[in-house]
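Visitor: One structure, pasted below without further comment.
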């Protein structure tokens, strides 16, 4: 079995990836932020040495804070990614780097292809776009997997927030003019392993749930999984919830590359929520 290094091992995706790797019999080194500072090139080289696969989950994900702390976000999302890319190439390890829908402008009307032009509108998006460039430039064999609207049992997320608010308020108003693809970390973890095990072609991949919805539609689905009346959730607009960083209005990513490689993409988002609910929401199967 392969020797895997997972950085950012304290995060939500790692919560699902690590046990799956262990069950598959892989030897796994899990490094949290306190174990490895990805902005330290020497530390990255030492950490990567001796591994066959490196999955970079280390990231600055505070989207709004990045607007005023772009240099700090850049250090992690771009410099850190470059450090791991160079280290992986030197050691012969295959790098899997997780990126985001925020690298796009969010003004499309049909799913973004993997080779669609990048046009980030936020500081966070700029730093992640720079990270993609660094990985593709310094690690030609790398897999860059863009994802979006992540939720899971390993950290705070939209699904658990909706469940909490359902117990605190009679009604909720949720944004209905942002379109995207809810993605369960369990399905994304499986997809990462599938890409590596199949020796998938290098480059850009989209790892998001199938189909699409809005945050409003997503919230109503969460209420349904909780056995609550979805009519308690009403629609509103992005303008009603101003944030420092602009949110993409359209974050639907295309999955054509999976079919081209004869691989199964991630399942439909609604089916995923149903399967994830017992773990994420504590509901019965």
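Bear in mind these aren't lab numbers, they're just calculated from the coordinates by the rules spelled out. Bear in mind the structure is a predicted one, so any value in this text is a computation, not a measurement. No Cβ is skipped: glycine too gets one built from the backbone with ideal geometry, and neighbour counts run over all protein chains shown.
Visitor: May I ask you to verify whether residue 247 is within 18 Å of the chain's Cα centre (by Cα), assigned to a loop (DSSP other than H, G, I, E, B), over 21 Å from residue 16 (Cβ atoms) and in contact (Cβ under 8 Å) with a residue 12 or more places away in the chain? It would help to see each step written out before you state the result.
Guide: Values: within 18 Å of the chain's Cα centre (by Cα): yes; assigned to a loop (DSSP other than H, G, I, E, B): yes; over 21 Å from residue 16 (Cβ atoms): yes; in contact (Cβ under 8 Å) with a residue 12 or more places away in the chain: yes.
Judged against the criteria, residue 247 is a match.
Visitor: I'd like to verify a number: residues in segment 52-83 that are assigned to a helix (DSSP H, G or I), under 18 Å from the mean Cα position of the chain (by Cα) and under 18 Å from residue 36 (Cα atoms), how many?
Guide: 7
Visitor: Return the residues of segment 29-42 that are closer than 19 Å to residue 74 by Cα and either assigned to a loop (DSSP other than H, G, I, E, B) or in contact (Cβ under 8 Å) with a residue 24 or more places away in the chain (or both); say none if nothing qualifies. Can you show your working first?
Guide: First pass over segment 29-42, keeping only residues closer than 19 Å to residue 74 by Cα: 32-34, 36-42.
If the condition is that a residue be closer than 19 Å to residue 74 by Cα and either assigned to a loop (DSSP other than H, G, I, E, B) or in contact (Cβ under 8 Å) with a residue 24 or more places away in the chain (or both), then 32, 33, 34, 36, 37, 38, 39, 40, 41 are the ones that fit.
Visitor: Quick check on my filter: what residues within segment 136-167 are within 30 Å of residue 86 (Cα to Cα), free of Cβ contacts under 8 Å to residues at least 60 places away in the same chain and touching a strand residue (DSSP E or B) at 6+ places or on another chain (Cβ under 7 Å)?
Guide: 139
Visitor: Quick one: which residue in 274, 243 is surrounded by fewer than 18 Cβ atoms within 10 Å (Cβ to Cβ) and within 13 Å of residue 187 (Cβ to Cβ)?
Guide: Of 274, 243, the one residue that is surrounded by fewer than 18 Cβ atoms within 10 Å (Cβ to Cβ) and within 13 Å of residue 187 (Cβ to Cβ) is 274.
Visitor: Sticking with this one: Can you confirm whether segment 218-229 contains a residue that is closer than 29 Å to residue 85 by Cα, out of contact with any strand residue (DSSP E or B) (no Cβ under 6 Å at 6 or more places or on another chain) and outside any helix (DSSP H, G or I)?
Guide: The initial filter retains those residues of segment 218-229 that are closer than 29 Å to residue 85 by Cα, namely none.
Looking for residues that are closer than 29 Å to residue 85 by Cα, out of contact with any strand residue (DSSP E or B) (no Cβ under 6 Å at 6 or more places or on another chain) and outside any helix (DSSP H, G or I), one finds none in segment 218-229, hence no.
Visitor: Test residue 53 against the criterion of being touching a residue at least 12 places away in the same chain (Cβ under 8 Å), within 19 Å of residue 153 (Cβ to Cβ), touching a strand residue (DSSP E or B) at 6+ places or on another chain (Cβ under 6 Å) and crowded, with 16+ Cβ neighbours inside 10 Å, and give yes or no. Before the answer, list the steps.
Guide: Numbers: touching a residue at least 12 places away in the same chain (Cβ under 8 Å): yes; within 19 Å of residue 153 (Cβ to Cβ): no; touching a strand residue (DSSP E or B) at 6+ places or on another chain (Cβ under 6 Å): yes; crowded, with 16+ Cβ neighbours inside 10 Å: yes.
So residue 53 does not fit the description; no.
Visitor: Which count do you get for residues in segment 1-28 that are free of Cβ contacts under 8 Å to residues at least 40 places away in the same chain, closer than 28 Å to residue 182 by Cβ, out of contact with any strand residue (DSSP E or B) (no Cβ under 7 Å at 6 or more places or on another chain) and in a loop (DSSP other than H, G, I, E, B)?
Guide: Initial filter on segment 1-28 (free of Cβ contacts under 8 Å to residues at least 40 places away in the same chain): 1, 10, 18-19, 22-23, 25-28.
Going one step further and asking which of them are closer than 28 Å to residue 182 by Cβ, we end up with 10, 18-19, 22-23, 26, 28.
Subset that is out of contact with any strand residue (DSSP E or B) (no Cβ under 7 Å at 6 or more places or on another chain): 10, 19, 23.
Cutting the leftovers down to in a loop (DSSP other than H, G, I, E, B) gives us 10.
The qualifying residues number 1.
Visitor: Can I ask one more? Looking at segment 84-109, which of its residues are within 21 Å of residue 249 (Cβ to Cβ) and either part of a strand (DSSP E or B) or without any contact (Cβ under 8 Å) to a residue 60 or more places away in the chain (or both)? I'd like the intermediate steps shown before the answer.
Guide: Applying the first criterion (within 21 Å of residue 249 (Cβ to Cβ)) to segment 84-109 yields 99-109.
Hits for segment 84-109 are 99, 100, 103.
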